[in-house]
Amino acid sequence: MTLTAIIFAGILTYFTRMTMIALISRDMLGDKIKAVLEYVPSAVFPAIIFPGIFINDFGAFIEMNDPKIFGALVAIIVGYFSKNIIATISAGLVSYWFLIFVVFN
Amino acid sequence: MLTKKQLFTRGMLDISPHMLSVIPFGIICGAIGVELGFHPYLVYAMSFIIFGGASQIVFLQLLSAGATSLVAVASVGIINSRHLLYGAVLSEYLEKLSFIKKLLISYVVVDQGFAESNKFFKKNRNEEFLHYHLIGTGCTMWVCWQIATLSGIVLGSFVPEELGLKFAIPLTFIAIVVQDLKKLDHVIVMITCGLSSLLFFDAPFKSYIIISPIIALFVAALLLRLKK
């Protein structure tokens with residue numbers, strides 16, 4: 001039963017990946033739409049970033065002094081200047097750990 | 001002109017830093033599936049059949065909380081509908097490929113792979129075998145995801161929960177968009193999306209993940225009109 005559901009979920013997911021690549025030709029999209037599509041990364045990824053920071057595992061808003069906010073700010077600053085992915089992720093994690101294990105412990 | 005192999009390797013290199021967050025997250029996903037009481041084979045089958053990070057966890061959590069299969073399947077579809085936007089962006093660069101190649105390459109389109117390949121495509125429009133970069137990012141992601149979820153399934157959650165490694169996921173996406181903070185229009189679009197995602201977080205079927213990009217793209221369209 002569960003396997004059937006997984007297969008359907010997989011087919012559906014595959015269709016989300018394939019539809020625009022294989023079934024739509026670029027000519028069907030006008031210049032205006034192409035210009036708007038330039039913003040896709042900026043329009044999609046914050047929907048993963050914001051809840052990942054501001055909402056906890058139980059679906060509730062975090063406090064404004066939550067270590068994750070500090071970690072995210074450090075990651076933004078380090079990422080902005082270093083342009084390095086590993087430095088960005090590590091700086092965010094290490095500053096977050098510093099707060100939860102050293103400061104708030 | 002870069003060769004296919006060079007482009008593939010470049011794709012692998014461009015996405016590999018993201019494995020710092022993907023691998024721990026994969027281990028957590030695998031371990032959660034088993035902890036929720038699902039058969040290890042089923043938990044692994046998802047990594048192969050769905051191959052979609054967070055949607056796999058949501059699927060199992062919904063089922064174990066007593067939701068119907070229909071609700072679980074619909075949620076996966078809605079969470080992953082953001083790939084439609086990635087596809088629309090990538091289609092420009094993949095236009096020349098045969099239909100079969102398009103069908104095959106679609107399977108490996110993932111968030112981080114789209115982000116890194118799209119950055120590369122913008123700078124190297126004239127390369128003949130551009131799609132090998134996307135294959136490089138996608139295959140690297142695929143292999144790491146299979147290994148990571150399998151390790152989580154077999155070894156359990158050997159990543160200590162106190163480390164809060166799920167936090168690495170928002171960090172990985174911060175690394176992707178952070179350079180666009182230089183552009184005011186992009187900042188406005190990002191904030192619109194982020195605030196919308198918090199506002200609609202409780203919308204049914206996790207639909208905030210596609211509602212907020214649509215709102216943000218609408219704002220982007222307005223900004224483009226104002227610019228003229």
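Here are the numbers for this structure:
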{"read-out": "Some residue of region B:138-159 being on the phi > 0 side of the Ramachandran plot and surrounded by fewer than 16 Cβ atoms within 10 Å (Cβ to Cβ)", "value": "yes"}
{"read-out": "Cβ pairs under 8 Å, 6+ apart, first in region B:35-47 and of a type outside the set (Ser, Thr, Tyr), second outside any helix (DSSP H, G or I)", "value": "B:Glu35/B:Gly156; B:Glu35/B:Ser157"}
{"read-out": "Candidate set from region B:207-225 (those that are over 14 Å from A:Val44 (Cα atoms) and more than 8 Å from chain A (Cβ to nearest Cβ)); member that is surrounded by the most Cβ atoms within 10 Å (Cβ to Cβ)", "value": "B:Leu223"}
{"read-out": "Elements of type helices (runs of 4 or more DSSP H) contained in region A:3-105, each with 3 or more residues being surrounded by fewer than 21 Cβ atoms within 10 Å (Cβ to Cβ) and not aromatic (Phe, Trp, Tyr)", "value": "A:31-37, A:67-82, A:85-97"}
{"read-out": "Residue that is within 16 Å of B:Met46 (Cα to Cα), over 16 Å from the mean Cα position of the chain (by Cα) and without any contact (Cβ under 8 Å) to a residue 60 or more places away in the chain, where the choices are B:Ser69, B:Ser91, B:Ser98", "value": "B:Ser69"}
{"read-out": "Some residue of region A:46-66 being within 22 Å of B:Leu199 (Cβ to Cβ), modelled with pLDDT under 90 and aromatic (Phe, Trp, Tyr)", "value": "yes"}
{"read-out": "Top-ranked residue in region B:179-202 [being crowded, with 16+ Cβ neighbours inside 10 Å and not in a helix (DSSP H, G or I); ranked as farthest from the other protein chains (Cβ to nearest Cβ)]", "value": "B:Phe200"}
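Residue-by-condition table, conditions (1) of a type outside the set (Val, Ile, Thr); (2) touching a Cys at 6+ places or on another chain (Cβ under 8 Å); (3) within 30 Å of A:Gly79 (Cα to Cα):
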residue: B:Ile23; (1), (2), (3): no, yes, yes
residue: B:Gly33; (1), (2), (3): yes, no, no
residue: B:Ile49; (1), (2), (3): no, no, no
residue: B:Ala65; (1), (2), (3): yes, no, no
residue: B:Ile79; (1), (2), (3): no, no, yes
residue: B:Ala88; (1), (2), (3): yes, no, yes
residue: B:Glu92; (1), (2), (3): yes, no, yes
residue: B:Leu97; (1), (2), (3): yes, no, no
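The values are calculated or read from the model by the stated rules, or taken from the named source; none is laboratory data. What you see is a predicted model; the values in this text were computed from it and never measured. Positions of Cβ are backbone-derived with ideal geometry, glycine not excepted, and every protein chain shown enters the neighbour counts.
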